[in-house]
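Worksheet: one structure, shown below.
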Amino acid sequence: MASAAGAAGSNASLAAPLLASREGGAKKPVGAKGKHWEAADKDERRAAKESGGEDGRPLLFRTYKVKGTLLHPYRALIFIRLIAVLLFFVWRIKHNKSDIMWFWTISVVGDVWFGFSWLLNQLPKFNPIKTIPDMVALRRQYDLSDGTSTLPGIDVFVTTADPIDEPILYTMNCVLSILASDYPVDRCACYLSDDSGALIQYEALVETAKFATLWVPFCRKHCIEPRAPESYFEIEAPLYTGTAPEEFKNDYSSVHKEYDEFKERLDSLSDAISKRSDAYNSMKTEEGDAKATWMANGTQWPGSWIDTTEIHRKGHHAGIVKVVLDHSIRGHNLGSQESTHNLSFANTDERLPMLVYISRGKNPSYDHNKKAGALNAQLRASALLSNAQFIINFDCDHYINNSQALRAAMCFMLDQRQGDNTAFVQFPQRFDNVDPSDRYGNHNRVFFDGTMLALNGLQGPSYLGTGCMFRRIALYGIDPPDWRHDNIIVDDKKFGSSIPFLDSVSKAINQERSTIPPPISETLVAEMERVVSASHDKATGWGKGVGYIYDIATEDIVTGFRIHGQGWRSMYCTMERDAFCGIAPINLTERLHQIVRWSGGSLEMFFSLNNPLIGGRRIQALQRVSYLNMTVYPVTSLFILLYALSPVMWLIPDEVYIQRPFTKYVVFLLVIILMIHIIGWLEIKWAGVTWLDYWRNEQFFMIGSTSAYPAAVLHMVVNLLTKKGIHFRVTSKQTTADTNDKFADLYDMRWVPMLIPTTVVLIANVGAIGVAMGKTIVYMGAWTIAQKTHAALGLLFNVWIMVLLYPFALAIMGRWAKRPVILVVLLPVAFTIVCLVYVSVHILLLSFLPF
């Protein structure tokens with residue numbers, strides 16, 4: 001689309017939208033299955049066609065496996081490398097000779113750990129499977145000729161923690177993309193959880209609902225993609241797939257104008273609320289009284305106030321539930337809206353899904369359990385209202401990029417093969433704000449397109465925190481049908497004391513649902529506010545065996561592990577057009593803070609009752625191996641950091657060798673490392689990622705291994721000693737104020753203590769290379785061929801470290817990094833300066849100490 005936009009000019013989107021067929025879209029270099037994949041379900045599909053389906057349901061997704069011409073060499077090379085690693089260990093033990101034996105011992109332990117960690121990572125990748133939804137089959141089965149549908153209900157959860165770190169515009173774009181998704185309006189409800197309890201979030205949601213009355217029918221009429229307006233209007237020449245191109249120009253202009261006005265209203269909310277509150281406080285409060293925050297209807301806001309008080313502040317306020325949009329059968333409850341546009345939606349469905357605002361109650365006396373607590377509050381509140389069979393959750397900085405995504409997940413949940421035993425469907429995470437070079441590996445395609453497809457061939461992918469659809473009863477801790485008992489007891493000790501909620505759980509288990517929620521009443525709202533109160537889930541099974549798991553910084557992995565451990569499976573859904581997109585932290589410090597929380601949470605899981613070695617009684621063996629790898633990988637960083645600092649030995653006048661004979665040792669290492677990258681090359685072939693994706697993954701792992709991962713290990717040690725968990729820090733989505741540079745955050749260097757080790761490693765390797773150059777000048781005539789070979793091999797290791805730390809070196813340069821050639825010049829200059837200093841010091845010492 002970019003090239004077309006450039007050819008058409010900046011106004012091409014209005015003057016001449018690019019036309020495409022309804023089935024068309026952005027051009028893809030390779031089909032959904034990829035050239036290295038082949039169908040793996042031919043027999044199943046043939047049998048289903050012949051029998052008509054065992055239970056009347058068709059096969060709703062296609063399964064592909066890696067072709068044998070690529071898979072068999074891949075597996076063979078893994079086995080060969082395993083043998084090579086074992087032979088390397090045996091050789092090192094037999095030749096236990098070193099100039100520093102304590103360092104030799106640590107290095108052997110490190111090499112054993114490297115081998116073990118590599119094996120944990122590699123074993124689950126023996127059978128990658130790609131699964132692609134069959135949207136045509138789903139529509140044929142569940143969409144009726146009268147325009148209605150028999151698809152099951154979906155409750156969509158959006159979570160936001162802070163309107164500052166997570167800008168309101170991002171959150172509202174997420175909500176708009178959900179309201180406009182291609183799913184039956186009467187079977188979809190959106191719940192926004194606001195952990196700040198701020199009035200500005202609620203009023204922004206009301207404004208969003210009003211704008212949605214225009215945006216949603218516009219999207220339906222013209223088949224808009226994506227359906228988040230901020231992302232859509234950034235496209236210079238939108239690809240048009242609708243059926244009314246002659247009306248598009250006028251509609252586009254009107255909606256774009258309305259969206260700009262909508263953003264202005266969002267920007268003015270803070271001042272409007274402040275002025276309104278001042279006015280009401282001057283009229284309705286006495287001098288000395290607390291200054292309340294007032295809603296537009298003249299009532300005090302029950303959440304946090306602008307001028308905070310003890311019970312109206314972030315972290316201490318009552319629970320709030322407000323239905324912004326009622327069920328479509330009863331019509332929206334926004335009041336009469338005066339039309340300011342001339343758009344015609346005569347043949348377009350203008351109804352909107354249900355929209356609900358939730359802010360769970362908070363009290364300093366209770367642990368709020370971070371994101372997991374917010375999700376569980378949404379789970380309980382939604383059960384009293386819509387009680388949909390399926391749930392999908394989003395972080396507020398993500399949006400639906402493919403309007404068919406919710407239907408795509410249903411293809412797996414409703415399939416006749418393993419649909420009933422599928423607990424959740426995970427989608428890949430994609431980001432649209434990452435710099436073109438992806439300096440800090442934010443796309444992480446090696447994981448999302450490689451590791452996750454490998455797990456798809458086992459019991460299924462792990463839960464990744466966002467863009468994941470769940471079966472409600474799986475979150476309730478109910479066993480899958482293959483393991484489920486007939487009589488399931490729903491008691492208050494496990495689920496809490498709310499009788500209506502207990503009744504909703506029974507209905508969920510027995511699939512006794514009405515597609516129309518109960519009428520909104522004061523009694524219903526009061527009960528919903530009760531189940532989101534701060535103390536409701538205390539002394540119950542919530543956060544343990546029910547809902548999202550508590551007491552761990554990363555609720556996603558451990559929640560998925562708990563569900564897999566009950567015998568459920570999961571599926572990984574890949575689509576031609578990415579299902580969801582989001583915002584990633586392109587600032588190095590924010591990115592590393594995010595990694596500390598993820599890796600720290602993984603370590604917490606290892607030292608919990610959900611340890612993969614002992615937990616999950618029904619989890620498959622290789623699935624258990626994958627979870628073990630996810631929980632212990634940060635430990636690898638300790639040995640990497642040690643090796644990365646070893647170049648300081650160049651500063652020692654005498655020759656120091658970790659292992660003797662040194663040449664054979666280095667050759668062994670080179671062969672083993674080379675085999676890793678050959679295996680990686682085969683992986684990127686079947687995963688469909690690029691060499692740049694693979695290389696950025698390697699570079700950022702080195703940066704993380706000298707900063708974030710050791711910090712996470714340190715946090716874990718402190719946790720074990722003091723019982724204080726990983727501090728939950730919301731990753732800031734605010735960008736540096738630079739309207740002229742979309743990637744200004746990339747060049748903003750924010751120094752924090754965890755960057756010290758990486759800086760030391762970088763300086764040590766720069767110094768080591770400079771000293772090596774100096775020693776070459778000083779001792780070239782005296783060194784033997786073996787000594788020259790050893791020096792060259794050691795220097796090769798230093799250069800390799802420098803190449804891996806190249807993105808970090810750019811980060812240090814700040815805005816100078818916009819011209820990377822500067823670094824290419826600075827590094828040789830630094831090497832030369834160190835070299836000259838070494839030579840000068842050597843000559844000076846020889847002058848005074850001739851011996």
Report, ordered by the first and then the second residue, all pairs with beta carbons closer than 7 Å, sequence separation of six or more or different chains, a first member in the range 537-556 that is under 18 Å from Gly361 (Cα atoms) and part of a loop (DSSP other than H, G, I, E, B), and a second member that is open to solvent by less than 10 Å² (accessible area, probe 1.4 Å) and among the aromatic types (Phe, Trp, Tyr).
Thr540/Phe495
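Any chance the range 794-814 includes a residue that's more than 28 Å from Leu692 (Cα to Cα) and surrounded by 14 or more Cβ atoms within 10 Å (Cβ to Cβ)?
Quick first cut of the range 794-814, residues more than 28 Å from Leu692 (Cα to Cα) only: none.
For the range 794-814, residues more than 28 Å from Leu692 (Cα to Cα) and surrounded by 14 or more Cβ atoms within 10 Å (Cβ to Cβ): absent.
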Working only within the range 644-661, note down all residues that are over 43 Å from the mean Cα position of the chain (by Cα) and either at pLDDT 90 or above or basic (Lys, Arg) (or both).
Arg660, Pro661
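Would you mention how many residues in the range 148-198 are part of a loop (DSSP other than H, G, I, E, B) and touching a residue at least 60 places away in the same chain (Cβ under 8 Å)? Walk me through it before giving the result.
At the first step, the residues of the range 148-198 found to be part of a loop (DSSP other than H, G, I, E, B) are 148, 150-153, 161-167, 180-184, 195-197.
Cutting the leftovers down to touching a residue at least 60 places away in the same chain (Cβ under 8 Å) gives us 151-153, 161-162, 164-167, 180-183, 195-197.
The total comes to 16.
Every residue, every condition in (1) closer than 30 Å to Arg660 by Cβ; (2) in contact with a strand residue (DSSP E or B) (Cβ under 8 Å, 6 or more places away or on another chain), yes or no:
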residue	(1), (2)
Leu119	yes, no
Lys125	no, no
Thr131	no, yes
Val136	no, no
Tyr142	no, yes
Val158	no, yes
Asp165	no, no
Of the residues that sit in the range 761-817 and are touching a residue at least 60 places away in the same chain (Cβ under 8 Å) and polar (S, T, N, Q), which one is nearest to Val837 (Cα to Cα)?
Asn765
Yes or no: Val356 out of contact with any helix residue (DSSP H, G or I) (no Cβ under 6 Å at 6 or more places or on another chain), open to solvent by less than 10 Å² (accessible area, probe 1.4 Å), at pLDDT 95 or above and assigned to a strand (DSSP E or B)?
yes
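Quick check on my filter: what residues within the range 65-93 are hydroxyl-bearing (Ser, Thr, Tyr) and open to solvent by 70 Å² or more (accessible area, probe 1.4 Å)? Steps first, please.
Kept after step one, since they are hydroxyl-bearing (Ser, Thr, Tyr), are these residues of the range 65-93: 69, 74.
Across the range 65-93, the qualifying residue is only Thr69.
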Could you list, ordered by first residue, the pairs with Cβ atoms under 6 Å in which the first is in the range 414-426 and modelled with pLDDT of 95 or more and the second is of a type in the set (A, V, I, L, M) and open to solvent by 30 Å² or more (accessible area, probe 1.4 Å), at least 6 apart or interchain?
none
Hey, Thr63 modelled with pLDDT of 95 or more and either in a helix (DSSP H, G or I) or more than 26 Å from Tyr627 (Cα to Cα) (or both) or not:
no
Need the failing condition index for Ala372 against (1) over 30 Å from Asp134 (Cβ atoms); (2) part of a loop (DSSP other than H, G, I, E, B); (3) at pLDDT 95 or above; (4) among the small types (Gly, Ala, Ser), just the number.
(2)
Here's a check for you: in the range 475-489, which residue that is farther than 20 Å from Asn376 by Cβ and of a type outside the set (A, V, I, L, M, F, W, C) is surrounded by the most Cβ atoms within 10 Å (Cβ to Cβ)?
Pro480
For the range 199-219 the number of residues that are under 13 Å from Met295 (Cβ atoms) and open to solvent by 10 Å² or more (accessible area, probe 1.4 Å) is 4
Residues located in the range 87-121, provided they are free of Cβ contacts under 8 Å to residues at least 60 places away in the same chain and not in a helix (DSSP H, G or I):
Asn96
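The values are calculated or read from the model by the stated rules, or taken from the named source; none is laboratory data. Computed from a prediction, not measured in an experiment: that's the story for all the values here. Backbone-built Cβ (ideal geometry, glycine too); neighbour counts: all protein chains shown. With ligands, DNA and RNA removed, areas are computed over all heavy atoms of the protein, side chains included. Shrake-Rupley method; radii C 1.70, N 1.55, O 1.52, S 1.80 Å.
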